[in-house]
1. I'd like the per residue volume of the convex hull spanned by the Cα atoms of the stretch 69-130, given in cubic angstrom.
2. Using all Cα-Cα distances in the stretch 38-113, what percent lands in each 5 angstrom bin from 0 up to the longest?
3. Is the shape of the chain best called rounded, prolate or oblate, per the rule: a/c under 1.5 gives rounded, else a/b larger than b/c gives prolate, else oblate, with a ≥ b ≥ c the square roots of the Cα gyration tensor eigenvalues?
4. List every residue whose amide H lies under 5 Å from the amide H of Ile166, counting only residues 5 or more places away in sequence or on a different chain, with H placed 1.01 Å from N in the peptide plane.
5. Which Cα, out of Leu29, Ala54, Ile146, lies furthest along the positive dipole direction of the stretch 18-172 (beta carbon charges, K/R +1, D/E -1)?
6. If amide hydrogens are placed 1.01 Å from N in the peptide plane, which non-local residues have theirs closer than 5 Å to the one on Asp35?
7. I'd like to compare 23-29, 11-17, 40-46: which one has the highest average count of other Cβ atoms within 10 Å, and what's the full order after that?
8. Counting only heavy atoms of protein chains, what accessible area per residue, in Å², does the stretch 92-172 have with a probe of 1.4 Å?
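The values are calculated or read from the model by the stated rules, or taken from the named source; none is laboratory data. Since the model is a prediction, treat every value here as computed from it, not as a measurement. Cβ atoms come from the backbone with ideal geometry, glycine included; neighbour counts cover every protein chain shown. Remember, those area values only see protein heavy atoms, side chains included, never the ligands or the DNA or RNA. Shrake-Rupley method; radii C 1.70, N 1.55, O 1.52, S 1.80 Å.
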Amino acid sequence: AGRVGLTLAAAAEAQVGVTTKYDASYEVLIYPGGDVPIDRGACTDVVVRAFRQAGVDLQVKVHEDMLEAFDEYPKLWRLKEPNTNIDHRRVPNLQVYFERAGMSLPITRDPRDYVPGDIVAWDTGGKTHIGVVSRQRSEDGERFQIVHNHGAGARIEDKLFAWKIIGHYRAE
């Protein structure tokens, strides 16, 4: 993992025990730099907060990219224009942004392809989910664990291959 990846992994790991609740509800956020209260959030908030610690505001990046290429983004929410309060907090939007930013990597079943700081998106059975590859290895040492919020606050768990991977991204 490169320096950016290690920064992302450490920043995601630092949310464990701090972000203790799952809350994906819509909130009006300041722009730029808006965030829901640190004790709560959704899976996307783990990623957004990690990138902020690495000096990248995904709220701004996604918004600016949506202004430039709105038609490239999913129409799942019937929006007519970008919304700085929520766009960066939606997994499909982060996926489009990461793809457009040239961060996409192949999806494989080889745990060696997933290094600390990588971003992984899944289909958990009809719902999308996203997390950050941590610096901590699984019990068997075969793969790195994932920092994510899948309903109980930010946690580090052995979930890399728990669901169908639909996206693999790396910031350089």
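1. Once divided by residue count, the hull of the stretch 69-130 is 108 Å³.
2. 3, 14, 25, 23, 17, 11, 5, 1, 0
3. prolate
4. Residues meeting the amide H criterion: Ala121, Trp122, Asp123.
5. Ile146
6. Ile30
7. Final packing ranking: 40-46, 11-17, 23-29.
8. Accessible surface, normalised per residue, equals 47 Å².
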